[in-house]
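Below: one structure, written as structure tokens.
The values are calculated or read from the model by the stated rules, or taken from the named source; none is laboratory data. Every value quoted in this text rests on a predicted model; they were computed, and no experiment measured them. We place every Cβ from the backbone using ideal geometry, glycine too, and count neighbours over all the protein chains shown.
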Amino acid sequence: MNFKDKVIIVTGGARGIGKAISERFHQHGASVAIVGRNAEATKGLASELSSRGAKCVGYGCDVAKGAEIDATVEAVIKDFGKVDVLVNNAGVTQDGLLVRMTDEAWEAVLNTNLTGAFKMLRAVARPMLKARSGSIVNIASVVALIGNPGQANYCSAKAGLLGLTKSAAREFAPRGVRVNAVAPGLVETDMTAKLNDDQKKALMGTIPLGRIGTPADIAAATTFLASDEASYMTGQVLSVCGGMAM
């Protein structure tokens, strides 16, 4: 895969899965716009990556706030001249049993994980459609396919993201813009690090491959879908979950 002269936007791109995605695109020659709520973290990673090769810039942006999205995309185009790939990775959780879930917890997760992804996709799609070229990869979750107790808001948002992926793929295909999704399973992140041994053992029993995934596993699938190697794929959901959702 060669992303030389390509410009990639990665939301939530400075930590966890997003950081691995930003780093992998950069390793393949891409210039990366790293977007996240923590402006200091995005700019720090961008500086680190730029010192190794292609240009990277960090942007502070909360995707739950539409005005910040439009301003950020405008800044990226001003700084880089174009956008070739968008990775919608930014996400939050506020877990709780459905009957006890507050309106605030529901809305906070939907606003970031679904509405924020929609607004970012819409903003980036305009220049892509005009250029008749581009690739969008939405980072969903395997729980969008199988559900998960205590995550009604998160599962709903990620399931909605799959519907957005397929609808956008149908709309954008005539102009050469592809839209796909990656559905990660259990991945080593700050969230899974908080699980105790019993919880991890129970979860491992649901994974046929018998191991927790890594951010690098998700980054590999994401760069593949964004690359020319996947040029005949659009509207697809690639589950990277060790067989959990087989």
Q.
Anything in the range 87-104 that is buried (at least 17 other Cβ atoms within 10 Å of the Cβ) and either on the phi > 0 side of the Ramachandran plot or of a type in the set (A, V, I, L, M) (or both)? List them, or say none.
A. VAL87, ALA90, VAL92, MET101
**Q.** Condition broken by VAL137, with the remaining ones in (1) surrounded by 15 or more Cβ atoms within 10 Å (Cβ to Cβ); (2) at pLDDT below 95 satisfied
**A.** (2)
Q. Among helices (runs of 4 or more DSSP H) lying entirely in the range 1-86, which contain 1 or more residues that are buried (at least 22 other Cβ atoms within 10 Å of the Cβ), touching a residue at least 40 places away in the same chain (Cβ under 8 Å) and of a type in the set (A, V, I, L, M, F, W, C)?
A. 16-27, 66-80
**Q.** Flag for LEU86 being under 16 Å from the mean Cα position of the chain (by Cα), at pLDDT 95 or above and closer than 22 Å to ASP217 by Cβ
**A.** yes
Q | Condition broken by ILE146, with the remaining ones in (1) free of Cβ contacts under 8 Å to residues at least 40 places away in the same chain; (2) over 17 Å from the mean Cα position of the chain (by Cα) satisfied | A | (1)
Q.
If I go through the range 15-52 residue by residue, how many of them are farther than 21 Å from ALA67 by Cα and either among the acidic types (Asp, Glu) or under 12 Å from the mean Cα position of the chain (by Cα) (or both)?
A. 10
(Q) So in the range 159-208, with the set limited to residues that are closer than 20 Å to GLY16 by Cα and among the charged types (D, E, K, R), which one is modelled with the highest pLDDT? (A) GLU188
